[in-house]
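Participant: Here it is, the structure in full.
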Amino acid sequence: MPPRTPAAGSRLMQIGEAAERIGLSIRTIRHYEEAGLIVPSARSEGGFRLYTEPDLERLAVVKRMKPLGFTLDEMRDLLAVLDALATADDEERRTLLDRLGMFHAAAATRVAALRDQLAVAEEFAGTLRARLDHHGSCTT
């Protein structure tokens, strides 16, 4: 994906600021760039990557997909759908919205699985707390 031309007046930020704002490491952002998920909107005269707010929004999508176990290919596909929606005609839009719906369903299924895992983990932590409380009271 080629770099986009930043809109006039767009605020550009270097990778360190982008990383801090979005809550990712510089290394992770570079990895996502190598994987084709993000392309800096510009480069400084010195060759430094420069990012805009839309770039950060794109990184936020990737960041939210990661804990749900989406692959890089799936992330790339969703980003392509989101990009295409911006310029799609009515017929294309319907197809793209169907694909977006599939991503939504997959995300909802993965969120439910994570909730189940969290419930099991909380139950286990509660069991350990109960044992601590029980055995702690026996020694005093």
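Participant: Here are L72, L82, L50, L68: which of them is aliphatic (A, V, I, L, M), within 26 Å of R21 (Cα to Cα) and in contact with a strand residue (DSSP E or B) (Cβ under 9 Å, 6 or more places away or on another chain)?
Facilitator: That would be L50, the only listed residue that is aliphatic (A, V, I, L, M), within 26 Å of R21 (Cα to Cα) and in contact with a strand residue (DSSP E or B) (Cβ under 9 Å, 6 or more places away or on another chain).
Participant: Here's something else I'd like to know. If you check D98 against the conditions, is it surrounded by 10 or more Cβ atoms within 10 Å (Cβ to Cβ), over 15 Å from the mean Cα position of the chain (by Cα) and not hydrophobic (A, V, I, L, M, F, W, C)?
Facilitator: Numbers: surrounded by 10 or more Cβ atoms within 10 Å (Cβ to Cβ): yes; over 15 Å from the mean Cα position of the chain (by Cα): yes; not hydrophobic (A, V, I, L, M, F, W, C): yes.
It is true that D98 is surrounded by 10 or more Cβ atoms within 10 Å (Cβ to Cβ), over 15 Å from the mean Cα position of the chain (by Cα) and not hydrophobic (A, V, I, L, M, F, W, C).
Participant: Could you say which residue among R76, R64, R93 is more than 12 Å from the chain's Cα centre (by Cα) and of a type in the set (D, E, K, R)?
Facilitator: R93
Participant: Quick test for you: out of E91, E45, E20, E74, pick the one residue that is at pLDDT below 95, of a type outside the set (V, I, T) and part of a helix (DSSP H, G or I).
Facilitator: Values: E45 fails: part of a helix (DSSP H, G or I); E20 fails: at pLDDT below 95; E74 fails: at pLDDT below 95.
Of the residues listed, the single one that is at pLDDT below 95, of a type outside the set (V, I, T) and part of a helix (DSSP H, G or I) is E91.
The values are calculated or read from the model by the stated rules, or taken from the named source; none is laboratory data. Just so it is clear, the structure is predicted and the values come from calculations on it, not from any experiment. For neighbour counting, all protein chains shown are included, and Cβ atoms are generated from backbone atoms with ideal geometry for every residue, glycine included.
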